[in-house]
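The values are calculated or read from the model by the stated rules, or taken from the named source; none is laboratory data. Here the structure is a predicted model, which means the values were calculated and not measured. Neighbour counts run over all protein chains shown; Cβ positions are idealised from the backbone, glycine included. Please note that ligands, DNA and RNA were not included when accessible areas were found on the heavy atoms of the full protein model with its side chains. Shrake-Rupley method; radii C 1.70, N 1.55, O 1.52, S 1.80 Å.
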Amino acid sequence: MTSSRTNSEHAGAADVHESVSAAWELLLPAAAAPARGRGRALQSALREAVRSGRLVPGTRLPSSRALAADLGVSRGLITEAYEQLTAESYLRSGRGAGTWVSGSVRAAADGARDLAPRGPGTLVDFRPGTPDLSLFPRSAWAATHRSVINRLPHSALGYPDPRGLPELRVALAALLTRRRGVVADPERLLVCSGVAQATTLLGFVLHGRGQRTVGVEDPGSPEHAALFASAGLDTERLPLDDEGLEIASLEASGVRAVVTTQAHQFPTGIAYSAARRSRLLDWARENDAVIMEDDYDGDFRYDRAPVGALQGLDPEHVAYTGSVSKSLAPGLRLGWLLAPASMTDELVDRKRTMDLGNPSLDQAVLADFVVRGDYDRQLRRCQRAYRERRDAMTTALSTYFPGTAVSGIAAGLHIIARLPERYGPEAEFLARAEGAGIALRPLSDCGTVAPADRSIALVLGYAHLAPAEIGRGLRLLAKAQDGF
């Protein structure tokens, strides 16, 4: 019995000695830190040792006196470190039982996946929807940020009005009235996380009013269906003709809400005719319906002044949405929803429960950016660049894919290119493009049925590509098709 107890005591002493050695090695660099920060350094080093697994759960740590002597620091620093990490559950201790590494802490994963929509292995990406992020006005934005944060009152950093900061709503109302011809009351304007959140908010309110289906353009943005589905709504695809939504199909559908991109339809590129706009508004009035106007790129028209917003003709039946995603950057997640008066309170209540409002500082910076004229300057800069790139796209198409027809008005960030039948069928064309590292979006992805013949219709984005890259991409695409 005595021999067994003696062996156990020797084993226990060896374990403690081993933990002393491990702790000494892990904490020695922290013990050499400047005196003022030594305590925090010791805590941080010990915490990281537990997180990383270098000190495994169940390891008994040396006494505070022994470890302090070994490291050459005061016992108080070690005691404080043990107490702090015990409070954080990294360690556990009991009266007379020593201090142990807790089993409740797990090591954090080494990395995190990036689910941003990017195409790995893509040489040239012609998919639409992305602006040129290199045009983001970093210097002007940074200067505005410094100015705002220096003068922003403390109270502005509290929970904001869920509609948005008053100064931003006033600035946006003035901007939208001047540039897009809307009837803009700041009291009815909500700042949102882009058009995506505006769409979802509207969907929740429509669902709460008993509606279950929303009409969407066909072809149209694939994102609308998913956003409305998140609010419990189905979507019904409604066909287009050369003037816009077919009113007969809209009336026959029985829906009382519809989404339009009337200033520059996505993806066909048409602008609704004046007659079609008028008939669409008549439908809304006769059926007490609501039109969601997605003005995703209404500022970018290159051959004439852009078509005015539909909302300006009937603000009580049109919910107007827009954002800075194409003019500044989608990563800012700043947009707006200008709602009919009858829906505003419900939208505000839903916005409040959804996220309590957008970040105050970002809103204040955008407000200043608009008021000082920097936003107008940014729009002019983008218009010049995107007009040049659209010209580069049409020129390169005529060079590398002769006979291609480009449709739609001279506006926005994409074109529709209908290639001659000799390049088809579509599935084979797309497979060859993918093999060459060229990312494309066919028109058929936007809701239309794939063509039965060998013709190919592509939705080609150009805003994010330099003119030289546009030419290079189309040359590689033509080479992959054995056409150049």
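Taking the conditions (1) under 22 Å from R350 (Cα atoms); (2) in contact with an Asp or Glu (Cβ under 8 Å, 6 or more places away or on another chain); (3) of a type outside the set (D, E, K, R) in turn, V191 satisfies each one other than (2). Those residues that are touching a Lys or Arg at 6+ places or on another chain (Cβ under 8 Å), open to solvent by less than 30 Å² (accessible area, probe 1.4 Å) and part of a helix (DSSP H, G or I), I need them from region 312-345; list them, please. Within region 312-345, G312, T344 qualify. The sole residue among T86, T99 that is at pLDDT 90 or above, touching a Phe, Trp or Tyr at 6+ places or on another chain (Cβ under 6 Å) and not aliphatic (A, V, I, L, M) is T99. May I ask you to verify whether P420 is surrounded by 15 or more Cβ atoms within 10 Å (Cβ to Cβ), over 30 Å from L366 (Cβ atoms) and of a type outside the set (V, I, T)? Spelling it out, P420 is indeed surrounded by 15 or more Cβ atoms within 10 Å (Cβ to Cβ), over 30 Å from L366 (Cβ atoms) and of a type outside the set (V, I, T). Per the listing G298, G322, G244, the residue uniquely free of Cβ contacts under 8 Å to residues at least 40 places away in the same chain, among the small types (G, A, S) and in contact with a helix residue (DSSP H, G or I) (Cβ under 8 Å, 6 or more places away or on another chain) is G244. Taking region 167-193 as the range and being farther than 21 Å from D376 by Cβ and either small (G, A, S) or not in a loop (DSSP other than H, G, I, E, B) (or both) as the test, the residues that pass are E187, R188, L190, C192, S193. No other residue among L328, L313 is under 26 Å from the mean Cα position of the chain (by Cα), at pLDDT 95 or above and of a type in the set (A, V, I, L, M, F, W, C) apart from L328.
Against the list (1) free of Cβ contacts under 8 Å to residues at least 24 places away in the same chain; (2) more than 14 Å from R188 (Cα to Cα), the condition R372 fails is (1). Quick check on region 156-174. Is at least one of its residues open to solvent by 20 Å² or more (accessible area, probe 1.4 Å), in contact with a Lys or Arg (Cβ under 8 Å, 6 or more places away or on another chain) and under 16 Å from Q363 (Cα atoms)? Yes, that holds for at least one residue. Picking from residues in region 403-417 that are under 27 Å from D132 (Cα atoms) and without any contact (Cβ under 8 Å) to a residue 24 or more places away in the chain, the one that is surrounded by the most Cβ atoms within 10 Å (Cβ to Cβ) is T404.
Candidates in region 38-52 are the residues that are modelled with pLDDT under 90 and out of contact with any helix residue (DSSP H, G or I) (no Cβ under 8 Å at 6 or more places or on another chain); of these, the one that is least open to solvent (accessible area, probe 1.4 Å) is S52.
Pick from region 53-69 the residues that are among the hydrophobic types (A, V, I, L, M, F, W, C) and not in a helix (DSSP H, G or I): which of them is most open to solvent (accessible area, probe 1.4 Å)?
Applying the filter and picking the extreme gives V56.
What is the number of the single condition among (1) open to solvent by less than 10 Å² (accessible area, probe 1.4 Å); (2) touching a residue at least 60 places away in the same chain (Cβ under 8 Å) that L152 does not meet? With respect to (1) open to solvent by less than 10 Å² (accessible area, probe 1.4 Å); (2) touching a residue at least 60 places away in the same chain (Cβ under 8 Å), L152 is out only on (1). Restricted to region 219-236, and to residues there that are farther than 21 Å from G129 by Cα and outside any helix (DSSP H, G or I), the residue that is most open to solvent (accessible area, probe 1.4 Å) is D234. The set of residues from region 102-129 being open to solvent by 60 Å² or more (accessible area, probe 1.4 Å), modelled with pLDDT of 75 or more and closer than 28 Å to F300 by Cβ comprises L123, R127. Criterion applied to S398, S455, S444 was being over 21 Å from K326 (Cα atoms), free of Cβ contacts under 8 Å to residues at least 40 places away in the same chain, open to solvent by 60 Å² or more (accessible area, probe 1.4 Å) and not acidic (D, E), and the one residue passing it is S398. Return yes when A225 is within 19 Å of L366 (Cβ to Cβ) and small (G, A, S) and no when it is not. For A225, the condition - within 19 Å of L366 (Cβ to Cβ) and small (G, A, S) - is not met.
The condition of being surrounded by 22 or more Cβ atoms within 10 Å (Cβ to Cβ), touching a helix residue (DSSP H, G or I) at 6+ places or on another chain (Cβ under 7 Å) and within 18 Å of Q311 (Cα to Cα) holds for only one of V195, V191, V183, that being V191.
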